[in-house]
Each structure stands twice: as structure tokens, then as C-alpha cells.
Amino acid sequence: MSRKRKPLPLLENVTIEAVAAEGKCVAHVDEMVVFVPFVVPGDVVDLQVRKKRHSYCEATVERFVSYSPVRVAPKCRHFGICGGCKWQNLPYEEQLKAKQQQVFDQLTRIGKVELPDFRPIMGSQKTEEYRNKLEFGCANKRWYTKDELEALPKDAGLAGGAVGFHITGSFDKIYPIEKCYLMDDFCNTVRNAIRDYALTTGMSFYDIREQHGLLRDIMMRNSNTGEWMVLVQFHYDEEGDEERALKLMQHIADKFPEITSLLYVDNQKGNDTFNDLTITVFRGNDHIFETMENLRFKVGPKSFYQTNTDQAYHLYSAARELADLHGDELVYDLYTGTGTIANFVAHKARKVIGIEYVPEAIEDARINSEINHIENTLFYAGDMKDILTDSFVREHGRPDVIITDPPRAGMHSDVVNVILNAHPRRIVYVSCNPATQARDLALLDSSYRVKAVQPVDMFPHTPHVENIVLLEARD
């Protein structure tokens with residue numbers, strides 16, 4: 001006979017104390033640390049414990065006893081459900097303070113290296129409609145909130161086509177989004193029109209468990225040149241699906257002539273990634289352009305480009321300033337993506353060598369150099385730890401400056417060792433994850449000292465923060 005689990009406790013009149021990691025806040029009850037989402041410091045709440053460990057627990061709000069004077073009203077009707085903008089209830093000034101503190105805590109606690117005074121965080125000029133890219137999942141099962149479930153008739157089924165965001169912890173369901181403030185409102189208009197057409201015509205929506213259903217995913221990009229890209233992913237199951245897909249694409253083309261790059265793909269894989277698939281152009285171009293200073297950057301459906309266009313300029317400007325280039329330096333740009341940083345700093349350097357894993361991105365990087373008549377760049381595609389080796393450095397020359405902008409996992413230890421052996425005078429480390437950046441700083445500490453720390457907020461209303469660190473050789 002199995003033992004019954006003790007019911008998890010209800011914690012009453014708990015005062016939320018501070019912002020914690022991953023967009024949650026923290027409180028203390030007796031000796032227990034409690035993490036709570038969708039609250040702000042100063043809220044007094046009753047909490048239902050959901051998960052309990054020895055020294056901490058996770059809980060959700062059952063009732064607000066009193067609201068914090070710091071709290072602001074979230075603008076989005078989907079706040080607290082889709083989970084994308086967890087800090088909408090926190091004033092932007094407080095968000096910036098929390099992000100500055102997050103960078104400080106992670107660099108000091110994890111890195112444990114000597115640090116200078118931090119520069120004040122660079123806030124985003126836009127706090128709404130700042131993203132240039134969004135992806136929406138399509139599913140034959142939608143997520144219902146508790147209130148929505150209670151309002152449904154007892155004999156109502158839970159199926160139904162939905163277009164929106166995946167809910168954390170429920171990979172096979174989509175919460176339908178009516179209006180999202182992360183991107184220009186044209187994005188909402190296009191997404192809702194695609195949804196309405198699919199529902200009206202009886203088009204099937206994708207079932208991620210059974211892996212069938214025609215309408216699978218929608219990606220949208222826009223740019224500061226006024227261009228729009230829409231990519232629709234389909235999953236052809238049966239005869240006639242391709243024809244149905246093309247009718248939807250024609251509907252989009254007729255209704256939205258503003259779209260300059262209208263694309264589609266048949267994705268038969270078990271996941272929504274399409275980097276290894278052939279994209280078909282239905283109308284327009286296979287790319288859009290972004291501009292930065294006097295440069296133009298080609299951005300395709302598979303390209304990486306910073307998703308906050310305006311703030312990306314300030315991020316790269318800060319990185320270029322810290323690199324302190326005078327025109328005679330050999331620069332290595334690691335994890336170069338489409339060569340944005342490489343081309344952005346090229347006019348200040350003798351030569352820039354960019355390395356990136358995705359071959360299509362490197363092709364874009366080369367094209368971006370050609371478009372902008374930049375002749376002092378060189379790009380290589382491949383796994384960083386396989387390309388950047390001691391023999392590569394011997395062949396191409398010891399870099400004077402390395403700029404590195406790795407993914408969230410940080411740099412591979414082999415890459416760190418090659419950097420130590422190459423021993424550039426300066427390293428500019430751009431990171432979207434200060435925790436792994438701190439780990440890498442500790443590995444570099446024997447040969448480099450941290451000279452500057454510049455946090456940058458790219459994603460208002462979320463706990464994510466970028467950080468730039470300048471390191472200089474100790475000798």
C-alpha cells in the first residue's frame with residue numbers, strides 16, 4: 001500500500017522581499033526560502049506551496065492581502081499566463097536595478113575575480129514593440145486557464161486550433177494570443193488573420209504528440225528599413241495539403257502587400273527548427289535588411305540578429321568602444337553570427353576574422369561585407385572548438401583583440417585555452433548569460449584582469465540581461 005503524501009502547506013501573510021532569479025521574487029518563512037512568480041517586492045500574499053525541498057520551496061499566489069506601493073498595472077491581458085514578460089508589474093526603473101544587481105551578484109559569487117566599479121546599466125529606449133522577431137506555435141490543443149475551464153460547458157471538448165505561445169510545463173498546448181506588445185502591432189494583425197483563415201476554412205492545426213496537422217508554426221521578422229518577413233511552417237500529411245497551404249499563402253499575400261519576404265517550408269521533423277530545411281519564397285525576397293550607422297545587414301530566415309534592433313546598436317557601440325581599436329589591430333570575432341560585430345568594427349581595425357557555427361550565417365556575413373564594400377574581413381564556419389585552434393592562430397596571426405559573443409552556455413574550455421595561448425592584449429566578452437560569463441572570467445583570471453563591466457538591457461519586462469566585460473592582459 002502506497003504512503004499518502006502530506007498536503008503541501010498554505011503560507012499566509014507572507015511579505016515578498018526582493019527580486020530573485022528567473023523573474024521570480026523571494027521571501028522567507030521561518031528557515032525556508034520561498035520563490036514566487038508574478039509578484040513584486042512589498043506585496044503581502046497568501047501562498048500555496050507547489051514544490052518543496054529541504055531549504056527552499058516554490059509557491060504561487062492564492063490571495064493578495066495587500067499590494068506593494070511599487071507595483072504597476074500590467075498592460076498585457078495575457079500577463080501571468082504566457083509567461084513571456086514576467087516583470088510587467090514592476091516599474092522599468094526597478095527592473096533595471098534588479099538586472100544591475102543580478103550581474104553584480106553573478107560575477108562576484110560565481111566568478112570570484114577582482115572587479116572594478118560597474119558602469120550603470122544601459123536601459124532600452126523602447127520598452128514596448130522593441131523586438132524584431134517573434135515565433136508563434138500552432139496547435140490543435142489550446143491551453144485553458146482555471147477560470148476558462150470553469151466557464152466551459154461540461155460537454156465541451158478541449159481541442160481547438162490555437163496560435164500563440166507554448167505554456168511552460170505543457171509542451172503540447174498553446175495559449176492563444178490576441179495581442180502581444182513585444183512587436184509592432186502589424187504582427188498581431190497578421191497572426192490573427194492567419195488563425196482566422198485556418199479556423200474558417202477548417203485547416204488542421206499541428207498535434208505535437210501525434211505529429212500530424214497542417215498549420216505548424218509562424219515566424220515574423222521586421223526591420224528598421226520598414227520591411228517585413230513572414231515564414232509559415234506546414235506539416236504535409238495527406239494529398240491536398242500542399243494545395244491548402246498555398247491557398248493560405250496566397251491569402252496572406254493578397255491581404256498584406258506590406259510583407260516583403262513571404263516564405264514557407266514543409267517541416268516533417270519532430271521539432272520546429274528549420275535551419276537544415278529548404279525554405280521556399282512565395283513572394284518577394286528571401287531576406288530583409290537592417291541598418292546600423294552607415295551599414296546594411298542582410299537578414300534571412302535562418303540568420304541570427306539581435307532581436308532588439310535599436311538596443312543592439314548601443315550594445316555594439318559599447319563593445320567597440322571597449323575594444324579601443326586604432327586601425328592597426330588584428331581582431332578575432334568569435335561566434336560572429338551574420339558578422340554584425342565584425343563588420344561594425346572593421347573600419348577601426350586592420351583585419352577582422354569571424355568564426356561562426358552556422359554556415360548560412362557565415363554566408364550572410366560575407367555578403368554583408370560585400371554589400372558594405374568592406375574588404376578587411378575573413379569568415380570561417382564550423383564548431384568554435386574545432387576551428388579556433390592553436391594551429392589556426394599560427395596560420396592567421398595572433399590577435400591583438402578578441403571579441404566574443406557566445407551562446408548562453410558560454411565558451412567551451414578548449415576555446416578558453418586557445419584564447420589563453422593566443423594571449424591577445426584585450427578581450428571584449430559580450431554575454432547573454434552573466435552566470436556562464438562569470439565562470440569563463442574565472443578561467444581567464446590567471447592571465448587577464450577585468451577592467452570594465454557594462455550591463456545592457458535588451459529585453460524589458462523580462463529577467464534577461466546582456467553584459468559586456470573588458471579584460472586586459474596582466475603582463
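What follows draws every value from the coordinates through simple rules; no lab data is involved. Small disclaimer: the values here were computed from a predicted structure and weren't measured. In this analysis, Cβ positions are derived from the backbone assuming ideal geometry, glycine residues included, and neighbour counts consider all displayed protein chains.
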Pull up the DSSP beta bridges for region 133-291 and report the antiparallel fraction as a percent, rounded to 5. 75
What would the Debye formula give as log10 I(q)/I(0) at q = 0.16 Å⁻¹ for the alpha-carbon point model of region 116-271, no solvent? -0.93
If you look for lysine pairs in region 1-98 that are eight or more places apart or on different chains, how many of them have Cα atoms under 29 Å apart? 16
Percent of all Cα-Cα pairs per 10 Å bin for region 49-125, counting from 0 up to the last occupied bin, reads 13, 31, 36, 19, 1
Could you tell me how many cubic angstrom of Cα convex hull volume region 340-475 has per residue? 121
More than 14 angstrom apart: percent of Cα pairs within region 390-445: 52
Could you work out Rg/(2.2 N^0.38 Å) for region 157-197, with Rg from alpha carbons only? 1.25
Mind putting a number on the dipole of the chain about its Cα centre? Charges go on the C-beta only, +1 for Lys and Arg and -1 for Asp and Glu, and I need it in Debye to the nearest 20. 1320
Among T404, V26, L199 - extreme Cα towards positive end, dipole of the chain, charges at beta-carbon: V26
What is the magnitude of the charge dipole of region 189-337 about its Cα centre, with +1 placed on the Cβ of each Lys and Arg, -1 on the Cβ of each Asp and Glu, and no other charges, expressed in debye to the nearest 20? 360
Calculate how large, on average over all directions, the projected area of the Cα convex hull of region 10-71 is; give the answer in nm² to one decimal. 3.7
Using 22 Å as the Cα-Cα cut-off, could you pick out the over-long pairs in K348/K385; K141/K179; K126/K179; K385/K451? K348/K385; K385/K451
Return E466, E238, E135 ranked ascending by Cβ neighbour count within 10 Å, so the fewest neighbours appear first. E238, E135, E466
Pairwise centroid distance, computed over Cα atoms, of region 121-139 with region 234-292, Å: 22
DSSP beta bridges in the chain: the antiparallel percent, rounded to 5, is 70
Only helical DSSP H runs with n ≥ 4 go in: add -39500 (n - 2.57) per run for the chain, normalise by residue count and round the 222 nm mean residue ellipticity to 500 deg cm²/dmol. -7500 deg cm²/dmol
Give, in nm to one decimal, the length gained when the segment between E150 and Q125 is fully stretched (0.36 nm per residue of separation minus the Cα-Cα distance). 4.9 nm
In terms of the ratio Rg/(2.2 N^0.38 Å) built on C-alpha atoms, what value belongs to the chain? 1.07
Note down the Stokes-Einstein diffusion coefficient of region 344-389 in µm²/s, whole number, using a Kirkwood radius over alpha carbon pairs, 4 °C, and 1.567 mPa s. 118
Cα convex hull volume per residue for region 1-46 (Å³): 102
Cα centroid distance between region 44-103 and region 181-217, in Å? 30
Please identify the GluC sites (Glu not before Pro) of region 26-71 that satisfy two criteria: DSSP loop assignment and at most 14 other Cβ atoms within 10 Å. Which are they? E31
Distance between modelled label sites at F104 and I387, nm, 7 Å Cα→Cβ extension: 3.8
